[in-house]
Amino acid sequence: MAEYSFEGIMRDLRSGKYAPVYFFAGEESFYAQQLIDVIEHQVLDESERSFNQVILYGKETSMLQVLEEAKRFPMMSERMVVVVKEAQHLKANDWDLLLGYLEQPQPSTLLVFGHMHKKLDKRSKAGKAIKANTVFLESAPLRDYQVIPWLEKQLSAKGFQVNTAVVASMAEQVGTDLSRLQNEVQKLDVAMGSNRQVTPEDIERHIGISKDYNNFELVAAIAERDVARAFKIVHFFAKNPKDHPVQMITGILFNFVNNLIQYHSMKGSAEKQIATALKVHPYFLKQFSAASRHYSYTHAHEMLHELLVFDRKCKGLITSNSGDYEHLREWLIKCTL
């Protein structure tokens, strides 16, 4: 069974090497959408598309209709292109109808399924046949620790020179949504013109991420036990709650404290081993090294306990008259002073 990669499929498509059936699935839709866009806009000339390209949607069609279109012969063109978007909405009992077609697909048709935001059930009869008989790609969301290398690669491809601290602040604020990350890279590409040296000021100006007041800087201030700076950042967050939801901050703090506890338990191990275990970019190890000097293993466990209390207050599970950001200030007072 062939293993396919995004890069390999994209390379084949751009070189005109086509397969009869493509199936793109998974919770991360970024790569699937990129591939579908190329098929939709580059396989056929504009003059060929009106007769030979069909776009269907899973909620509005059936597998019978999909297969009817796929079995048509092209008109004044070498091939037909049939794209089924939102294929995850096709009826579950429809998928078995695809099995016969997969055994003998129409050679002049490119049949493409975009099974977005959902994994394919590869244990089912249809799922096994799809994986074995199509150009199959299933994309999982990036893990937090994979975002910085991914962003660095995208920025480098545009010729940008960016230090890891700037990339880390961008990754921390935007998250793991690849479409949104790519949009931010494209914004920079347009806004920076021929200048390829990106500074924190450029990120603030063009993307809207404050170079001084963001989640990355909050964690850095806590790691250094710079209490005054941490309080200034939280004060800024409280004035801009829509841009800095407490739920996101809570998750980032949980991640930081959990990793700090694990870092303490791995002291003396090789840096690469620690970074792999913590699932963080090696850049962050100096941050955990600094934090471990300010907060002992026991103190870190107390920080985690207080975070659980903070989270329960924010969710209304513990009665309190204070607001969410006041709870965050309380956590800072108990854990950093």
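Bear in mind that the values in this text are calculations on the coordinates, not laboratory data. Note that the coordinates shown come from a computational prediction; the quantities given were computed from them, not determined experimentally. So basically every Cβ, Gly included, is an ideal-geometry build from the backbone, and we count neighbours across all protein chains shown.
Remarks
- At 0.890 mPa s and 25 °C, Stokes D of the stretch 6-138 from Kirkwood alpha-carbon radius, µm² per second: 167 µm²/s
- Dipole in debye (nearest 20) - the stretch 1-77, about Cα centre, beta carbon charges: Lys, Arg +1; Asp, Glu -1: 240 debye
- Estimated FRET transfer efficiency (Thr319, Glu46; beta-carbon r; R0 56 Å; 0.05): 0.30
- Label point distance in nm, Ala2-Gln186, each placed 7 Å from Cα along Cα→Cβ: 2.9 nm
- Residues of the stretch 4-19 with amide N under 20 Å of a point placed 7 Å along Cα→Cβ from Ala157: 4-17
- Seen against the Cα atoms of the chain and their longest principal axis, helix 227-239 is set at about 50 degrees.
- Most to least packed among 320-328, 258-266 [average Cβ atoms within 10 Å]: 258-266, 320-328
- Legend: translational diffusion of the stretch 257-329 by Stokes-Einstein, Rh = Kirkwood radius over C-alpha pairs, 10 °C, 1.306 mPa s; D = 116 µm²/s.
- Spherically averaged projected area in nm², based on the convex hull that wraps the Cα atoms of the stretch 215-336: 7.3 nm²
- When the listed pairs Lys239/Lys313; Lys118/Lys211; Lys91/Lys315; Lys122/Lys272; Lys118/Lys272 are checked against a 26 Å cut-off, the alpha-carbon distance exceeds it for Lys118/Lys211; Lys91/Lys315; Lys122/Lys272; Lys118/Lys272.
- Estimated [θ] at 222 nm from DSSP helical runs (n ≥ 4, -39500 (n - 2.57)) normalised by residues in the chain, nearest 500: -17500 deg cm²/dmol
- Segment Arg196-Lys122, length gained on full extension (0.36 nm per residue, minus Cα span): 22.2 nm
- Each label was represented as a point 7 Å from its Cα along the Cα-to-Cβ direction; for Lys59 and Asp12 these points are 3.2 nm apart.
- Angle of helix 324-336 to the longest C-alpha principal axis of the chain, folded into 0 to 90 degrees and rounded to 10: 60°.
- Against the empirical curve 2.2 N^0.38 Å, the C-alpha radius of gyration of the stretch 22-87 lands at a ratio of 1.14.
- Summing Cβ point charges (Lys, Arg +1; Asp, Glu -1) relative to the Cα centre of the stretch 140-220 gives a dipole of roughly 280 debye.
- Column: log10 I(q)/I(0), Debye, Cα scatterers of the chain, q = 0.08, 0.09 Å⁻¹: -0.54, -0.66
- Between Gln247 and Lys334, the FRET efficiency estimated from the beta carbon spacing at R0 = 30 angstrom works out to 0.90.
- Normalised by 2.2 N^0.38 Å, with N the number of residues, the alpha-carbon radius of gyration of the stretch 144-207 equals 0.97.
- Folded to 0 to 90 degrees: helix 144-157 orientation relative to the chain principal axis, Cα: 70 degrees
- The stretch 98-180: relative contact order in percent, alpha carbon pairs under 8 Å with at least 6 residues between: 27 percent
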